[in-house]
Amino acid sequence: KVDNKQYNSLFLNQPYYMDISLQKGKVFNKQLKHELALKELHIVKKIAKIKVENMHSRVILATIYEEEAEILICLGETLAFEDYINRAIDIRTEEIGKYNIPNAISYANLYKYMRGLNDSEDSLKYHYKATEIFSRFPRDHPNAWIIHLSNALYFHEKNDIDEFISEMEYCLRVTSKRYSFNHISTFKIKFQYGKILASLQQHDKALKVLL
């Protein structure tokens, strides 16, 4: 257990320590090193809760909930996922307002994962909220590919396969250009795209996407 003196020396006197530890946790999460990610996130979470009156700490706390939610999904623990992301949304809404890109991304993630749990009726409300927020930002926003991914899943749900493929191809082009073809965001799109194509019996196209 870390005592209060150690908290003070690490966090109160070094304002960027929380940011550094948070970024370490996010990197470990992207590398799928979930135990290391949780270790970093839990340390920062304790401090953010102690300094909860500080806006910066509360925004960090929202990001921590978001990262923890992603880890829960990867570990197959889906029950707390929706609650964690909604906590992040509530904190950001209170601190910086409803209409911000992180909230839009959170809603899109909720739609993606809730849809994956066959909760279609409840998940659609999250897609509509994500769409509403993204519509207030430029179409070429660096994170706009996320709403195109959400749109693709929506079109698949409505059995509009041509539009589904069009949106997925757009996502791959944008993420491959912005990041790299081997970046985890591109990989996740490829996996989702290939999985759905295989379910549609488009096996050749699925293999081309996944290879």
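Bear in mind these aren't lab numbers, they're just calculated from the coordinates by the rules spelled out. Since the structure is predicted, the reported quantities are computational estimates derived from the model, not experimental observations. Cβ coordinates were reconstructed from backbone atoms using ideal geometry, including for glycine residues, and neighbour counts include every protein chain displayed.
Ignoring lysines fewer than eight residues from Lys49 along the same chain, the ones with Cα atoms less than 18 angstrom from its Cα are Lys1, Lys5, Lys39. The C-alpha radius of gyration of segment 64-118, expressed as a fraction of 2.2 N^0.38 Å, stands at 1.08. On the basis of the beta-carbon distance and an R0 of 45 Å, Lys46 and Asp162 show a calculated FRET efficiency of 0.35. Return the subset of Lys30/Lys98; Lys112/Lys195; Lys30/Lys177; Lys98/Lys195 for which the Cα-Cα distance in this structure is over 25 Å, preserving the input order. Pairs exceeding 25 Å: Lys30/Lys98; Lys98/Lys195. Ellipticity at 222 nm from helices only: DSSP H runs of n ≥ 4 in the chain, each -39500 (n - 2.57), divided by the residue count, give -24000 deg cm²/dmol.
Only Cα pairs under 8 Å and 6+ residues apart enter the sum, and on that basis the relative contact order of segment 22-126 stands at 17 percent. Protection proxy ranking for 108-117, 133-142, 173-182, using the average of other Cβ atoms within 10 Å per residue and placing the highest first: 108-117, 173-182, 133-142. Axis angle, to the nearest 10 degrees, between helix 184-199 and the longest C-alpha principal axis of the chain: 40 degrees. When the square roots of the Cα gyration tensor eigenvalues are ordered a ≥ b ≥ c, the ratio a/c for segment 25-119 is 1.5 or more and a/b does not exceed b/c, which makes its shape oblate.
Ranking request for peptides 143-154, 82-93, 20-31: highest mean number of other beta-carbon atoms within 10 Å first, then the rest in descending order. Before the final figure, lay out each step's value.
Values: 143-154: 21.8, 82-93: 19.2, 20-31: 17.5.
Result, highest mean Cβ count within 10 Å first: 143-154, 82-93, 20-31.
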